[in-house]
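The values are calculated or read from the model by the stated rules, or taken from the named source; none is laboratory data. Please read all numbers here as calculations on a predicted model, not as lab measurements. Note that each Cβ is placed from the backbone with ideal geometry, even for glycine, and that neighbours are counted across all protein chains shown. Accessible surface areas use protein heavy atoms only, side chains included; no ligands, DNA or RNA. Shrake-Rupley method; radii C 1.70, N 1.55, O 1.52, S 1.80 Å.
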Amino acid sequence: MFAAKVNDDSEETVLKIRAGYDIAFNCLQDVPMILMLSVHPSRQGDLSSPHAIRTTPDVATRDYLDAFGNVCTRLVAPSGLIEIRNDFVIEDSGIPEPTAPFAAQVQLQDLPDDALVYLLGSRYCDTQKLADMAWSTFGSIEGGGQRVQAICNYVHDRIQFGYQFARGDRTASEGHAERIGVCRDFAHLAVTLCRCMNIPARYCTGYLGDIGVPPDPAPMDFSAWFEAYIGGRWYTFDARHNHPRIGRIVIARGRDAADVAISTAFGQAQLVRFTVVTEEIADDSSVQLAPDVVMAPRAQSRLQRAMA
């Protein structure tokens with residue numbers, strides 16, 4: 001359990017976050033699906049309520065771990081409408097995630113074996129197209145932490161954020177050239193530039209609520225960020241927001257967005273509803289977690305992003 005000190009330092013408290021989603025697909029026939037919607041195993045010990053994917057109609061589901069250690073759920077969606085929901089409470093430290101301005105860059109020969117895959121190019125992280133630019137821009141910066149932060153600063157300033165700029169097949173080099181995108185584009189470009197500089201970097205997706213920051217009026221969505229291996233451990237970085245946040249809840253990690261798609265349908269499945277909730281609980285005694293709560297639908301332009 002995480003513990004965060006309150007202002008007078010005399011007692012400790014735990015931040016509780018309510019999170020979940022309400023997603024619906026319309027299928028023209030029975031469609032096998034893989035969902036990546038469960039809290040990552042590294043955070044499941046922080047759950048303080050049941051965490052279960054519920055479907056309407058009720059269908060059989062089975063979980064497995066993929067090659068990156070993420071929880072994946074298999075099911076066969078029947079013809080017609082299938083609704084997929086979760087509603088849970090998780091505990092958090094309530095303090096901003098740690099920074100590492102003085103963390104050293106780990107030499108290639110000293111990297112752990114399982115970090116090496118995060119140095120390679122991948123579907124959306126086309127390192128070969130950005131390597132020369134990366135070295136000319138960041139090659140003179142000393143230290144892993146300072147180099148990764150310089151990359152975040154560059155990406156943060158380079159890309160203009162806007163939901164209207166979402167495109168499911170944009171690569172890092174295309175995002176760099178177009179200078180527009182959503183959170184996944186910020187993450188892809190930062191990951192790619194880190195890898196070009198021989199710093200292992202992995203793409204992350206999960207919940208990020210407006211905790212400790214002014215509320216965003218846009219509807220809540222799953223978020224994308226990345227982790228870099230410096231100073232002998234993985235640190236969280238977010239090139240879009242570019243400052244430490246509170247209450248980040250990871251769902252999955254991978255080489256890029258292709259590894260952590262929230263749903264993969266092996267057939268025609270039209271997304272018709274997609275709602276995400278992430279909020280701090282001020283008084284958990286008033287929280288009623290209802291398995292069949294129906295949340296407000298989101299705009300169709302926002303729905304299409306979840307399919308990428």
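Give me the percent of accessible area attributable to carbon and sulfur for the chain, probe 1.4 angstrom. Can you show the working numbers first?
Values: 7110 of 13970 Å².
Carbon with sulfur: 51 percent of the solvent-accessible area.
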Study note, to complete from the structure: Between A52 and Q270, Cβ-based FRET efficiency (R0 35 Å, step 0.05) works out to 0.90
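For segment 8-92, state which GluC sites (Glu not before Pro) are in a DSSP loop and have at most 14 other beta carbons lying within 10 Å of their beta carbon. Walk me through the numbers before you get to the answer.
Values: sites: E11, E12, E83, E91; in loops: E11.
Passing sites in segment 8-92 are E11.
Which GluC sites (Glu not before Pro) in segment 127-235 sit in a loop by DSSP (not H, G, I, E or B) and have at most 16 other Cβ atoms within 10 Å of their own Cβ?
Working: sites: E142, E174, E178, E227; in loops: E142.
Here the sparse-neighbourhood loop sites are E142.
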Exercise for review: Note the full-extension length gain between Q29 and S79 as 0.36 nm times their separation in residues minus their Cα-Cα distance, in nm to one decimal.
Suggested key: 17.6 nm
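Only Cα pairs under 8 Å and at least 6 apart count here; give the relative contact order of segment 18-100 as a rounded whole percent. Please report the intermediate quantities before stating the final value.
Numbers: 144 pairs, mean separation 39.9, N = 83.
It rounds to 48 percent for segment 18-100.
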Review point. In degrees between 0 and 90, to the nearest 10, how far off the longest principal axis of the chain does helix 144-158 point, with axes built from Cα atoms?
Key: 70
Check your understanding: So what does S140 come to for accessible area, using a 1.4 Å probe and Å² rounded to 10?
Key -> 100
**Study point:** Residue list for segment 137-158, given a label point 7 angstrom along the Cα-to-Cβ vector of A115 and an amide N cut-off under 12 Å
**Key:** 144-145
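If the convex hull of the alpha-carbon atoms of the chain is projected onto planes in all directions, what is the mean projected area in square nanometres? List each step's numbers first, then the result.
Working: hull surface 66.3 nm².
Average of the hull's projected areas for the chain equals 16.6 nm².
Using a 1.4 angstrom probe on the protein heavy atoms only, could you order W135, W225 from most to least accessible area?
On the way: W135 120, W225 5 Å².
Heavy-atom accessible area, descending, gives W135, W225.
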Exercise for review: Mind checking the per residue accessible area of the chain for me, 1.4 Å probe, whole number of Å²?
Suggested key: 45
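So between N153 and R62, what do we pick up on full extension, going 0.36 nm a residue minus the alpha carbon distance? Don't skip to the answer; put the middle values down first.
Working: separation 91, 0.36 × 91 = 32.76 nm, distance 4.13 nm.
Full extension from N153 to R62 adds 28.6 nm.
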Point to revise | Loop-located trypsin sites (Lys or Arg not before Pro) in segment 174-223, at most 15 other Cβ atoms within 10 Å (DSSP) | key: R179
Review point. What does a probe at D210 reach in segment 169-197, counting residues whose amide N is under 18 Å from the point 7 Å along Cα→Cβ?
Key: 183
Review point. Using only Cα atoms, what Kirkwood radius does segment 46-176 have, in angstroms?
Key: 19.6
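Quick one: if the Förster radius is 30 Å, what FRET efficiency do F102 and F161 give, using the C-beta to C-beta distance and rounding to 0.05? Please list the in-between numbers first.
Numbers: r = 29 Å, r/R0 = 0.97.
Working from the Cβ atoms, E equals 0.55.
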Review point. Of A100, A239, A257, which has the largest mean-square fluctuation in a 10 Å C-alpha GNM of the chain?
Key: A100
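When the helices in the chain are scored as -39500 (n - 2.57) per DSSP H run of 4 or longer and the sum is shared across all residues, what 222 nm value do you end up with, to the nearest 500 deg cm²/dmol?
Rounded to the nearest 500, it is -4500 deg cm²/dmol.
Hey, what did the chain get for relative contact order, percent, Cα under 8 Å, at least 6 apart? Mind showing how you got there, number by number?
On the way: 675 pairs, mean separation 81.1, N = 308.
Computed over the chain, the figure is 26 percent.
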Review point. With all pairs of different alpha carbon atoms counted, what Kirkwood hydrodynamic radius in Å does segment 126-229 show?
Key: 14.3
